[in-house]
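S.K.: The structure under discussion is supplied below as structure tokens; questions concerning it will follow.
The values are calculated or read from the model by the stated rules, or taken from the named source; none is laboratory data. Everything numeric here is computed off the predicted structure, so don't read it as measured data. No Cβ is skipped: glycine too gets one built from the backbone with ideal geometry, and neighbour counts run over all protein chains shown.
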Amino acid sequence: MLATPAPSARIVDAVTDALAASGGRILIAAVDPDMDCAVWDAEVDRPAGAAASAAAALRVDSHARLHFFGLSASSEQAPDEAALCAMLGETLDAPVYAARRAVPASQWVADRPFVLRIDGFSIARVQADYLRPGGRGLGVAVELGPPTLWLKAMLHAVPGHALSRICDAAGGPRGGLAHIGAYPGVSARSGAPFLLIECSDPSKSPLTRALEIIDIEAARYGGSVGATVLLSHVPLDALLGTLAGRMPLHAQPAQVIETHLTRPAR
């Protein structure tokens, strides 16, 4: 889930509490000042119910915002798309743009309704799937499909005009990694360039390989990859692969302390 512009800390906490109360395990709840948004990632038993609870918590926010809901569920848990979109549109008082992702992240760059551009997040479609004339909210994007991983990579000394070319090389229909999608951004806080990377299969298109390509392309303009920030749950293997590729540090899962800890009871 994502909300932009970033809501207040009170709203962020309310959404986090709503997800937890829905039987969910919160993986990430954070505000990203570069993208001017709040992001939540959670494992829940009932995706539609959790989305409804989160939307109810967001409803008390009086500002017009864009909201994104990316839901992944088994066939037994799959929500009714029409009912879900109608509920979100009514609760958040905004038009709803719905899509089902059945293609790799590189192809999804051109097809998705909710995208990041240089000037921030926006809706890429003209016509809403569920209209809400006079709605208070700017829009709600609902994407159904297999889960994807999100990573933000800051760039050092890369000119703005180079961002689209770097995105094309690393993640897009013309790139070399089928399961990587890359979106250009400029920090709302510092003005520094960054890329939002989406990965639909880290085993077939490793995140470390995407970062290598981005670093190579950035070097053409005298720049480099800087700090990276996880914006979703990422499998341990993907993290260890990045450590091996970038440091290099070849660690095994058994060497990570957290793999020996049991999950605390709720």
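S.K.: Quick one: ALA78 ticks every box in (1) outside any strand (DSSP E or B); (2) touching a Pro at 6+ places or on another chain (Cβ under 7 Å) bar one, so which box is it?
M.R.: (2)
S.K.: Sticking with this structure for a sec: Is it fair to say VAL158 is touching a Phe, Trp or Tyr at 6+ places or on another chain (Cβ under 6 Å) and farther than 27 Å from LEU88 by Cα? Lay out the reasoning, then the answer.
M.R.: Values: touching a Phe, Trp or Tyr at 6+ places or on another chain (Cβ under 6 Å): yes; farther than 27 Å from LEU88 by Cα: yes.
In short, yes.
S.K.: In region 19-58, which residues are more than 19 Å from HIS233 (Cβ to Cβ), touching a Ser or Thr at 6+ places or on another chain (Cβ under 9 Å) and modelled with pLDDT under 95?
M.R.: Result: ALA21, GLY49.
S.K.: Do you know which of the residues in region 148-164 that are under 14 Å from GLY222 (Cα atoms) and not β-branched (Val, Ile, Thr) is surrounded by the most Cβ atoms within 10 Å (Cβ to Cβ)?
M.R.: Step one: list which residues in region 148-164 are under 14 Å from GLY222 (Cα atoms), which gives 155-163.
Restricting the remaining residues to those that are not β-branched (Val, Ile, Thr) gives 155-157, 159-163.
Values: LEU155: 27, HIS156: 13, ALA157: 13, PRO159: 11, GLY160: 11, HIS161: 8, ALA162: 18, LEU163: 24.
Restricting to residues being under 14 Å from GLY222 (Cα atoms) and not β-branched (Val, Ile, Thr), the top hit is LEU155.
S.K.: Picking from SER106, SER75, which residue would you name as being at pLDDT 95 or above, over 20 Å from ALA9 (Cβ atoms) and of a type in the set (Ser, Thr, Tyr)?
M.R.: Details: SER75 fails: at pLDDT 95 or above.
Every option except SER106 fails the conditions.
S.K.: Follow-up. Hey, any hits in region 177-196 for a residue that's surrounded by fewer than 21 Cβ atoms within 10 Å (Cβ to Cβ) and assigned to a helix (DSSP H, G or I)?
M.R.: No, region 177-196 contains no residue that is surrounded by fewer than 21 Cβ atoms within 10 Å (Cβ to Cβ) and assigned to a helix (DSSP H, G or I).
S.K.: Pick out, from region 99-156, the strands (runs of 3 or more DSSP E) lying fully within it that include 1 or more residues that are over 26 Å from ALA83 (Cα atoms) and not acidic (Asp, Glu).
M.R.: Values: elements: 114-117, 120-123, 139-144, 149-156.
Ranges flagged: 114-117, 120-123, 149-156.
S.K.: Next question, about the same structure. For region 225-259, which positions are assigned to a strand (DSSP E or B) and surrounded by fewer than 13 Cβ atoms within 10 Å (Cβ to Cβ)? Write out each step before concluding.
M.R.: Of region 225-259, the ones assigned to a strand (DSSP E or B) are 225-230.
The answer is ALA227, and nothing else.
S.K.: Further question: Condition (residue is assigned to a loop (DSSP other than H, G, I, E, B) and either at positive phi or of a type in the set (Gly, Ala, Ser) (or both)) applied to region 45-60: is it met by at least one residue? It would help to see each step written out before you state the result.
M.R.: Step one: of region 45-60, the residues assigned to a loop (DSSP other than H, G, I, E, B) are 45-46, 60.
Still in the running and either at positive phi or of a type in the set (Gly, Ala, Ser) (or both): none.
No, because not a single residue in region 45-60 is assigned to a loop (DSSP other than H, G, I, E, B) and either at positive phi or of a type in the set (Gly, Ala, Ser) (or both).
S.K.: Starting from residues that are of a type in the set (D, E, K, R) and in contact (Cβ under 8 Å) with a residue 24 or more places away in the chain, keep the ones in region 201-224 and report whichever is surrounded by the most Cβ atoms within 10 Å (Cβ to Cβ).
M.R.: To start, the set of residues in region 201-224 that are of a type in the set (D, E, K, R) comprises 201, 204, 209, 212, 215, 217, 220.
From what is left, the residues that are in contact (Cβ under 8 Å) with a residue 24 or more places away in the chain are 201, 204, 209, 212, 217, 220.
Numbers: ASP201: 16, LYS204: 12, ARG209: 17, GLU212: 15, GLU217: 21, ARG220: 12.
So, considering only residues that are of a type in the set (D, E, K, R) and in contact (Cβ under 8 Å) with a residue 24 or more places away in the chain, the one surrounded by the most Cβ atoms within 10 Å (Cβ to Cβ) is GLU217.
S.K.: A further question follows. Does ALA105 satisfy the condition of being small (Gly, Ala, Ser) and under 15 Å from the mean Cα position of the chain (by Cα)? Let's see the steps before the verdict.
M.R.: Values: small (Gly, Ala, Ser): yes; under 15 Å from the mean Cα position of the chain (by Cα): yes.
Considered against the rule, which asks whether it is small (Gly, Ala, Ser) and under 15 Å from the mean Cα position of the chain (by Cα), ALA105 comes out as yes.
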